[in-house]
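One structure, as structure tokens, below. Some questions next.
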Amino acid sequence: MLRYLRRNVSLVVGLVLLGILVLFMVVGAFVVDTDNAQALSVPVLLPPSWDYPFGTDRQGRDLLAVMVAGTPLTLRIGFIAGFIGVGVGAALAFTAAYYGGVVDTVIRSVADIGLTIPGLLVLIIIAVSLGSLTVNQMAIVVSLLAWLNPTRTIRSQVLTLRERGYVEIARLNGMTGPAIIFTELMPNLLPYLAATLVSSVSAAILASIGLEVLGLGPIEAPTLGMTLYWVNFNAAIINGWWWWWTAPLVVIVMVFLGLFFLTVGLDEIANPRLRRSV
């Protein structure tokens, strides 16, 4: 394992970055008073100091407390939407690729048509129609389109496995379609499914931040996207309040870099062509 991790640098970098974030959230939850993430909890617009390492914003919130409380909320949106998207997408993809015929044509056509529609525009329309959202509702909204790309990519992988010899033997032995899918096809695609999940989580986080920056997210929640919304709303960049937007941007960059390198590392495990010789 150690020898492989030395070769798969991307996986190590991704795990280290995400590990730092997890450590920041866990330790911060015990050390930082997250009640200061609420408005009017501390003095307004203080630059970073010993008392407030990340400074405070114009709403009277400790930005360190906002990061500690908001990062898990943003990750929750991504993981809920990612799991729903990959779960639905995998179910449709395995069904379409294994059974083929009309079922495959319908599922593939719906996924292809859905991918041609601007996803962010659809999410904006849905979010505006629903009005004020909670964090969990935000995750559900993002997940409405999160299954399209996994359906297409997973289906292509299942098509390459469907005609393999061990699948034919299982079929000749009388195994049913669902049994073959769960016992023969799915175990062989677990690394690829894991990489797809990480990629879907990253896409869901990006979509949620995009909606939140436009003011369509959970207004009262201190998520990273809503923090950037208040940065934009109060013109923090123009006014020179650099500490207000620096903290959320650093955390967002770490989240996306960690997920990106983790996806690349998992893709190397899933794709034999990318594996380097010892």
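Can you go through LEU15, LEU21 and tell me which one is assigned to a helix (DSSP H, G or I), more than 24 Å from ALA236 (Cα to Cα) and open to solvent by less than 30 Å² (accessible area, probe 1.4 Å)?
Matching residue, one of LEU15, LEU21: LEU21.
This table checks each residue for (1) open to solvent by 40 Å² or more (accessible area, probe 1.4 Å); (2) at pLDDT 90 or above; (3) within 25 Å of LEU145 (Cα to Cα); (4) within 20 Å of the chain's Cα centre (by Cα).
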site: GLY217; (1), (2), (3), (4): no, no, yes, yes
site: THR227; (1), (2), (3), (4): no, yes, yes, yes
site: ASN234; (1), (2), (3), (4): no, yes, no, no
site: LEU266; (1), (2), (3), (4): no, no, yes, yes
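List pairs: first in region 153-182 and among the aromatic types (Phe, Trp, Tyr), second surrounded by 17 or more Cβ atoms within 10 Å (Cβ to Cβ), Cβ under 8 Å, 6+ apart or cross-chain?
Correct list of pairs: TYR166/GLU184.
What is the residue count in region 123-169 for residues that are of a type in the set (Gly, Ala, Ser), surrounded by 13 or more Cβ atoms within 10 Å (Cβ to Cβ) and at pLDDT 90 or above?
3
Tell me which residues, restricted to region 52-99, are touching a Phe, Trp or Tyr at 6+ places or on another chain (Cβ under 6 Å), in a helix (DSSP H, G or I) and without any contact (Cβ under 8 Å) to a residue 40 or more places away in the chain.
Across region 52-99, there are no qualifying residues.
Another question, then. Quick one: would you say PRO72 is surrounded by fewer than 21 Cβ atoms within 10 Å (Cβ to Cβ), of a type outside the set (Gly, Ala, Ser) and within 30 Å of LEU45 (Cβ to Cβ)?
Yes; evaluated as a whole, the condition is true for this residue.
Looking at (1) more than 21 Å from ILE269 (Cα to Cα); (2) crowded, with 22+ Cβ neighbours inside 10 Å; (3) in contact with a Gly (Cβ under 7 Å, 6 or more places away or on another chain), can you tell me which one VAL213 breaks?
The number of the failed condition is (2).
Condition (residue is small (Gly, Ala, Ser) and either at positive phi or surrounded by fewer than 20 Cβ atoms within 10 Å (Cβ to Cβ) (or both)) applied to region 88-95: is it met by at least one residue?
yes
Tell me the residue from VAL213, VAL251, VAL201 that is under 24 Å from TRP50 (Cα atoms) and either touching a Pro at 6+ places or on another chain (Cβ under 7 Å) or modelled with pLDDT of 90 or more (or both), please.
Being under 24 Å from TRP50 (Cα atoms) and either touching a Pro at 6+ places or on another chain (Cβ under 7 Å) or modelled with pLDDT of 90 or more (or both) holds for just one of VAL213, VAL251, VAL201, which is VAL251.
Further question on the same structure: Looking at region 101-113, can you tell me whether even one residue there is outside any loop (DSSP other than H, G, I, E, B), open to solvent by 70 Å² or more (accessible area, probe 1.4 Å), closer than 23 Å to VAL250 by Cα and not acidic (Asp, Glu)?
no
The values are calculated or read from the model by the stated rules, or taken from the named source; none is laboratory data. Remember, it's a predicted structure, so these values are computed and weren't measured experimentally. When we count neighbours, we look across all protein chains shown, and the Cβ atoms used for this are built from the backbone with ideal geometry, even at glycine. Please note that ligands, DNA and RNA were not included when accessible areas were found on the heavy atoms of the full protein model with its side chains. Shrake-Rupley method; radii C 1.70, N 1.55, O 1.52, S 1.80 Å.
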